[in-house]
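I have placed the structure first, in the form of structure tokens, so that the comments after it can refer back to it.
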């Protein structure tokens, strides 16, 4: 757990910010490339929505195999913003239920407590919010407190994240890069 931070609030705030950015996606922006290799804006949003939608099922004990049952189905439909909103609310509400932060859940890196799942959702919404902002060419500055909290979350695991196959190696950065640019485990590899 990140000391001094309310994990539910961090997740809700990062999710809200992702939604603000998503509402700025224009009709012609969905096919734009993102910083995640092989992902367009639509694929990036699909990824966030899929994992938001997984949260209630993870908290109910779903295995990873059970979580992959959506396959390649189009979960965004004709209204990706509405799909995101429904998924974000479901994740926020599920994590806020009494005892949810203590439940052990299945994730791609093994079983973790619900509090860690909330931090993963915080990280996913925050980082992919940056990816989305960059892809649609809107200001990409993140909340500095969120950047610090995210770095505290990811940095202890950064060395082994690329080995999972879910993350690329972090990019090389120039000396003096600010906290937002510091590598903290790499970018998603483009896998849902």
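The values are calculated or read from the model by the stated rules, or taken from the named source; none is laboratory data. All values derive from a computational prediction rather than experimental measurement. Virtual Cβ from ideal backbone geometry, glycine too; neighbours counted across all protein chains shown.
Let's see how each residue does on (1) at pLDDT below 95; (2) closer than 20 Å to residue 109 by Cβ:
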{"residue": "24", "(1), (2)": "no, no"}
{"residue": "33", "(1), (2)": "no, no"}
{"residue": "44", "(1), (2)": "no, no"}
{"residue": "58", "(1), (2)": "no, yes"}
{"residue": "65", "(1), (2)": "yes, yes"}
{"residue": "73", "(1), (2)": "yes, no"}
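Checking every residue in region 25-38 against the condition of being under 18 Å from residue 131 (Cβ atoms), assigned to a loop (DSSP other than H, G, I, E, B), in contact with a strand residue (DSSP E or B) (Cβ under 9 Å, 6 or more places away or on another chain) and without any contact (Cβ under 8 Å) to a residue 24 or more places away in the chain gives at least one match. Of everything in region 100-142 that is under 12 Å from residue 58 (Cα atoms) and in a loop (DSSP other than H, G, I, E, B), the residue that is modelled with the lowest pLDDT is 108. Within region 93-134, the set of residues being more than 18 Å from residue 153 (Cβ to Cβ), surrounded by fewer than 21 Cβ atoms within 10 Å (Cβ to Cβ) and in contact (Cβ under 8 Å) with a residue 60 or more places away in the chain comprises 96, 133, 134. In region 45-63, is there at least one residue being surrounded by 13 or more Cβ atoms within 10 Å (Cβ to Cβ) and without any contact (Cβ under 8 Å) to a residue 12 or more places away in the chain? Within region 45-63, one or more residues are surrounded by 13 or more Cβ atoms within 10 Å (Cβ to Cβ) and without any contact (Cβ under 8 Å) to a residue 12 or more places away in the chain.
For region 1-15, a tally of residues being in contact (Cβ under 8 Å) with a residue 40 or more places away in the chain and either within 19 Å of residue 140 (Cβ to Cβ) or assigned to a helix (DSSP H, G or I) (or both) returns 8.
Residues that are buried (at least 17 other Cβ atoms within 10 Å of the Cβ) and under 25 Å from residue 110 (Cα atoms): does region 80-89 have at least one? Yes; the residues of region 80-89 include at least one that is buried (at least 17 other Cβ atoms within 10 Å of the Cβ) and under 25 Å from residue 110 (Cα atoms).
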